[in-house]
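Before any comments, here is the structure.
A short reminder: the numbers here are calculations on the coordinates, not readings from a lab. Quick caveat, the model's predicted, so the values are computed rather than measured. No Cβ is skipped: glycine too gets one built from the backbone with ideal geometry, and neighbour counts run over all protein chains shown.
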Amino acid sequence: MTQPWAGAATNRRHFLTLLGAGAAAVGAGGLLSGCSKAVSSRAATTDTNTLTGVLPKLIDLKVAIPAPDIVGVAPIPSAYSTWPSGITSVIPEAPGRGGATIKAMTPVWGTAPPGLANNAYLQAVNAKLGTPVDFSVQDGMTYADKLNAILGARDVPDLLCAPSWEVVKIPRMTSAAQALFEDLTPYLAGDAVSAYPMMAAFPTVAWQNSVWGERLYAVPNPTDGPFPLALFYRKDLLDKMGLVYPKTIDELFEVGKQVTNPGKGTWAFDDIFQMVQMYFKVPGSKDGWGLGPDGAPIRNIETPQFKAAAEFMAKVYKAGMVHPDVVGSKGADSKQLLQSGKIIFKSDGIGMWQGMQAEQQKITKGFKLAPVPIFSATGGDPLVWGDQDPISYTFIKKGLGKDRITELLRVINWCSAPFGTSEAVLRDYGVEGKHYTMSASGPVKTDLGFKELQNQYFFISGRRPVGGPQPATPTYNAELITYSNAMAPFIEKDPWVGIKIEWPAKFSANVVPLSDKITDIVRGRRPLSDLDAVIKEFKANGGDEARALLANALTNKGK
Amino acid sequence: MSTREAIAAAGSADHPTPPAASAAAPRRRARRPTVVRNRVPLRARLRRDWALLAMVAPAGLLLLVFHYLPVIGNVVAFQDYDPYAGNSAISALLSSPWIGFGNFQALFADPAFWDAFVNTVTITAFQLVFFFPIPIALAILLHSVLSPKLRAFVQTVAYLPHFFSWVLVITFFLQMLGGDGLLAHAIRALGGTPWNILTNPDTFLVLVTSQAVWKDAGWGMIVFLAALAMIDINLYEQSAVDGAGRWRRMWHITLPGLRPVIVLLLILRLGDALSVGFEQYYLQRDAVGRGAAEVIDTFVYYQSIATGNYGYGAAAGLFKAAIGLVLILAANKFAHLIGERGVYSKL
């Protein structure tokens, strides 16, 4: 048995000796540190409010359908309750000029749709586009890792979708944009955008967010709702137990206690700490910053509100109300837990609502998902975290040439057709008879539709936000806008609105260690009193540097 | 763990100092002047061995492309590396500013790194004692099973989990031992209170080791089974005739027969001492906290890959490789002292 290795062993001798010398040199590193330098920090802020000659002009787009009947309070987009008449095509000619297949990368949450060869939906849309788009669909949960890898390797597809919450995690995004993506300013700034009328109708704030290093680097996918998070609950199950949703923090704990029944395999929550922070009015602008009583920037963990929220959440963990799978592994699928009734409450983006309702009501009779209106744990008006960031950005690979870039922009423009156009019907519902059937209240997706449509084209474009009718969930739009309108007055004012921030390297490097320490406290592995030590470490590890950056941005704002 | 990985891991330490290496070479030649092997001319040797060379070529190419060429990338450990500098990946490497040992300095001054280091070494040491012998014991046990059908069946069942991903293994443990798992429900049904198996930082060491055993013990057994098959059956028969019992046969025949393989795998394992895997710790990090689950690999991921601070991560990786190399060399030396050939040996 030893022969194969023994034979190889002699040949490696010289190589290993060589390595020995190398290792000795590395070991001497500590002695040579006199001549070493520290890594530079690349902090910067860009005030997009004062930029000129970069942002596209807003040009309203008229579509033939009547105005929406469910009206949202700004910034909540309005919506339709019924399927409107008069849907027509708005883009007469195919955007593609028969160029090479467009490679695109987009995220998907859940099951990946079939690829181009086996996907009738992609084929149908591609036929309209004139130039086919081939999607590389990646798991949305680990999308940031994938993004970091392809950016670092400088190997990007023609069209790259980057969700906004992942973009903030990407270090040196400005350098990455400059090195890898086309500067779209010459193509879209000012009146130039009129060549792409669908994109010209995007709200200006969405374009403001697409600026890196004072240039326009992406096409935004404007947000269709200003809330990053909501607490959803299984109304059907709560009704069955004769309970109602909580309106105070004590009721939340009480309801949690009543619905938790490990013997039956039921727990109350997934990790709802972010929502709890909102209830205690912890600031949430720019991923956890706000202004202190003295008007200086303050990080969420430094506030007394945060301490109270952490104390409450620790109580929830200690009482065993969070499902053990969520506690026990990163891989736990809490959506699945909510769907199967193993948890009753779950915090997630608004985007979860309609999709889960439409799909699960076919599986579980009476399935009903509803959001818990946000309340204040400490009296007074509630605080609702806002989010004006676009859903995602579409970047175009650098150096493809003017013809190709305008072709890609036309394709994005086609995919950006708003609700009320036949382009949008094809993009959102697929082919009639195949992916959806037409009912009086609008298109209803078939099983094939659910399988093949996974927002592929949605994630390489954007649209003027308006809620289309949801025939599968007829009451959804009214429920959403009722909830949204009720929450809208309490949206937190972002002191740094329109300002893009590139965080100091040290601050970014400590985001995960910081959240680890908070997790330790919240889950009871460290006492709450350790929070002061954590705050001290935060300040020393880039926290104060980031604070100075934010303070500086405030001083310069509007200049 | 293969020899190839160990060599490649050691290989990352090679790059920075070619001068030192060439300085060592003449000394060696001076000590041993006659090179006997080169008597046959190169051409004749090529003609003689071309088939062997052709057979080894694909593996050599693989080694070159995926193990030796990436070694060049280690240079970023000495740079303030910016992946977007220049206009290609290569020019980024060339044009990033040189900062000497700045990354190493920052690394060694980082208490979080030493936490990860201590965790890693603890886990390795624990697994060396409680995991490493298990495949040997399993192999000896299985080797004594006479029915070939039963043996093949047990062997297949035992090594199958090796092909499961860590996500699957941890989900499996969660479904079995978690708070909503089979065991917890059984205990509750009997009126008891289940205890925290998966979320206790104090017993995390035992948990990860048992997961590793469940996943990989069967796989590790295969090498030892093959080694057992090489032992001359006559030895057993003769010693039995001489009156040796079961234990004496194991002590004097089986274990000495396995010794070269055991020593070899031990050396390779030591070279890999600072790699305990990534997914297993990443997935269970929130469950037990960073204090228990942060190992060097997750440290590199969070501090380097996730933050784009590649130079820092490369420095940590290089440090890991240097330690691995020292351990391999020391263990190999030790193997020579006890009369084994080890991973490599002198002529």
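Based on the Cβ-Cβ distance of A:Ala319 and A:Ala153, what FRET efficiency does E = 1/(1 + (r/R0)^6) give at R0 = 41 Å, to the nearest 0.05? Here the calculated transfer efficiency is 0.30. Overall dimensions of segment B:168-281, expressed as equivalent-ellipsoid semi-axes from the Cα gyration tensor (√(5λ), whole Å, largest first), are 40, 20, 11. In percent, rounded to a whole number, the relative contact order of chain B is 25, using alpha-carbon pairs under 8 Å and six or more apart.
Positive end of the dipole of segment A:357-447 (Cβ unit charges, origin at the Cα centre): among A:Gln388, A:Ser422, A:Phe375, the Cα lying farthest that way belongs to A:Ser422.
In this simple spin-label approximation, A:Glu214 and B:Phe126 carry label points 7 Å from Cα along the Cα→Cβ vector, and these lie 5.5 nm apart.
Computed extension gain for A:Ser529 through A:Ala486, at 0.36 nm per residue and net of the alpha carbon distance, reaches 11.8 nm.
Using only the Cα atoms of segment A:61-148, build the gyration tensor, take square roots of its eigenvalues as a ≥ b ≥ c, and label the shape rounded, prolate or oblate: rounded if a/c is under 1.5, else prolate if a/b is larger than b/c, else oblate. Oblate is the answer for segment A:61-148, as a/c is 1.5 or above yet b/c matches or exceeds a/b. Evaluated over the Cα positions of chain A, the convex hull gives a direction-averaged projected area, one quarter of its surface, of 33.4 nm². Couplings for segment A:237-251, taken from phi via the Karplus curve 6.51 cos²θ - 1.76 cosθ + 1.60 with θ = phi - 60°, read 6, 5, 4, 4, 7, x, 10, 10, 5, x, 10, 9, 5, 5, 5 Hz in order; Gly and Pro are left as x. Going 7 Å from the Cα of A:Asp69 in the Cα-to-Cβ direction, what parts of segment A:461-497 have a backbone nitrogen less than 17 Å from that spot? Zone members listed by number: A:467-482.
What separates the Cα centres of segment A:145-177 and segment A:46-124 is a distance of 22 Å. Projecting the Cα atoms of B:Leu93, B:Pro133, B:Thr120 onto the charge dipole of segment B:92-215 (Cβ charges, centred on the Cα centre) puts B:Pro133 farthest toward the positive pole. Taking a quarter of the surface of the Cα convex hull of segment A:292-390 gives a mean projected area of 9.2 nm². FRET efficiency for the pair A:Glu93 and A:Lys368, taken as 1/(1 + (r/R0)^6) with r the Cβ-Cβ distance and R0 = 35 Å, rounds to 0.20. What you get for segment B:219-320, charging only the Cβ of Lys and Arg (+1) and of Asp and Glu (-1), is a dipole of about 200 debye around the Cα centre.
Our estimate of slack between A:Ser376 and A:Lys536, defined as 0.36 nm per intervening residue step minus the Cα-Cα distance, is 54.8 nm.
Counting every C-alpha pair in chain B, the share spaced more than 28 angstrom apart comes to 59%. Take the Cα of B:Arg249, step 7 Å toward its Cβ, do the same at B:Ile338, and the gap between the two points is 2.5 nm.
First measure r as the distance between the Cβ atoms of A:Met438 and B:Leu141, then evaluate 1/(1 + (r/R0)^6) with R0 = 60 Å and state the FRET efficiency to the nearest 0.05. The pair A:Met438/B:Leu141 has a calculated efficiency of 0.35.
Using label points projected 7 Å from each Cα along Cα→Cβ, tell me how many nm separate A:Asp403 and A:Ala44, to one decimal. If labels sit at A:Asp403 and A:Ala44, their model points lie 3.4 nm apart.
Averaging Cα coordinates gives a centre for segment A:439-486 and one for segment A:523-559; these two points are 40 Å apart. Of B:Leu63, B:Leu268, B:Leu325, which is the most mobile in a GNM of chain B whose springs link Cα atoms less than 10 angstrom apart? Of B:Leu63, B:Leu268, B:Leu325, the most mobile in the Gaussian network model is B:Leu63. Direction-averaged projected area, Cα convex hull, segment A:186-298: 11.9 nm², rounded to one decimal.
Checking the a/c ratio against 1.5 first, then a/b against b/c, what shape does the Cα gyration tensor give for segment B:273-325? Taking the square roots of the gyration eigenvalues as a ≥ b ≥ c, segment B:273-325 is oblate.
Placing unit charges on each Cβ (+1 for Lys and Arg, -1 for Asp and Glu) gives chain A a dipole about its Cα centre, and among A:Ile521, A:Phe459, A:Ile91 the Cα reaching farthest toward its positive end belongs to A:Ile521. For the pair segment B:127-198 / segment B:272-295, the C-alpha centres are spaced 20 Å from each other. In terms of its alpha-carbon gyration tensor, segment A:47-97 comes out oblate; a/c meets the 1.5 threshold, while b/c is at least as large as a/b.
For segment A:388-496, relative contact order (Cα pairs under 8 Å, six or more residues apart, normalised by length) works out to 25 percent.
Please give the residues of segment B:250-273, grouped as numeric ranges, whose backbone N is less than 17 Å from a label point set 7 Å along the Cα-to-Cβ vector of B:Ile233. Only B:254 pass the distance filter.
Full extension of the chain between B:Ile90 and B:Lys149 gives 15.7 nm of extra length, using 0.36 nm per residue less the Cα-Cα distance. Placing +1 on the Cβ of every Lys and Arg and -1 on the Cβ of every Asp and Glu, with nothing else charged, gives the protein assembly as shown a dipole about its Cα centre of roughly 3400 debye.
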